Amino acid sequence: MSAALSAPLLPATFEAWCDPRRTALLVYDMQVGICRQLPDAPAIVARCSAALAAARAAGMRVAFTRHLSCPRRWMGATQVRTAMAWQRAAAPEALRMPFARGAAAWEIAPELAPRDDELVLDKLSMSAFEGTPLAFALRDCGVRGVAIAGIALEIGIEPTVRHATDLGFVPIVLADACGSGRAEAGARALETMRFVGEAVIGDVDGFANALGRADVENGDLRSSQG
């Protein structure tokens, strides 16, 4: 008597996911204080800028994350341990708060400045989904895919990819627009994503080309997102 349940029909290719109706662009932690730590940051900023321009031209929703340093009074054990490891500090008293709200390092790189109709989320965690309303906002808009660009692959983007999958979203990694603190660590993270198979991996040129085709086929979506 029971009828077999069929799996939902999902896009099968990177190009098919590059559709403003089903995917949003997430620009991950492209902050002044993070970019200046990477020697190849100008190239990553340029690739993120190209992805951002393509998304905006197609009317795709865009979200940004910013890593936030809590005031010292609000730094618990996890935050202190992480900050000490990153800053190579010998004691909690030696810690700095480089990403305090309003600090120059906390701001998004000026070349990628968010627009008024784009979502900006501050976070304490590595995953863009933990402690933020990103999942709610995506679901509320009927968005299933998340194209990701930013810094750093091995620190925040890989956890975001895993978390996206656990929440039922499809992560689309724009690999040439993702920087890493150490090249070998970034390469390992990307290889792990390929091995596990949870992410759709492509590049900015493919993203822009596919969005251009989607824009022609589907018409201008910006009016429906206002």
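Points worth noting:
- Flag if residue 214 is modelled with pLDDT under 95, over 19 Å from residue 130 (Cα atoms) and in contact with a helix residue (DSSP H, G or I) (Cβ under 7 Å, 6 or more places away or on another chain): yes
- Test: residue in segment 31-45 that is surrounded by fewer than 21 Cβ atoms within 10 Å (Cβ to Cβ), in contact (Cβ under 8 Å) with a residue 24 or more places away in the chain, within 22 Å of residue 99 (Cβ to Cβ) and touching a Pro at 6+ places or on another chain (Cβ under 6 Å): yes
- Condition met for residue 153 (closer than 23 Å to residue 36 by Cα and either out of contact with any Gly (no Cβ under 9 Å at 6 or more places or on another chain) or modelled with pLDDT of 95 or more (or both)): yes
- Counting only helices (runs of 4 or more DSSP H) that fall entirely inside segment 115-204 and contain at least 2 residues that are surrounded by fewer than 22 Cβ atoms within 10 Å (Cβ to Cβ) and within 13 Å of the chain's Cα centre (by Cα), the qualifying elements are 158-166.
- Residue check for residue 169: without any contact (Cβ under 8 Å) to a residue 40 or more places away in the chain, in contact with a strand residue (DSSP E or B) (Cβ under 7 Å, 6 or more places away or on another chain) and of a type in the set (Phe, Trp, Tyr): yes
The values are calculated or read from the model by the stated rules, or taken from the named source; none is laboratory data. Source: prediction; values computed, not measured. Backbone-built Cβ (ideal geometry, glycine too); neighbour counts: all protein chains shown.
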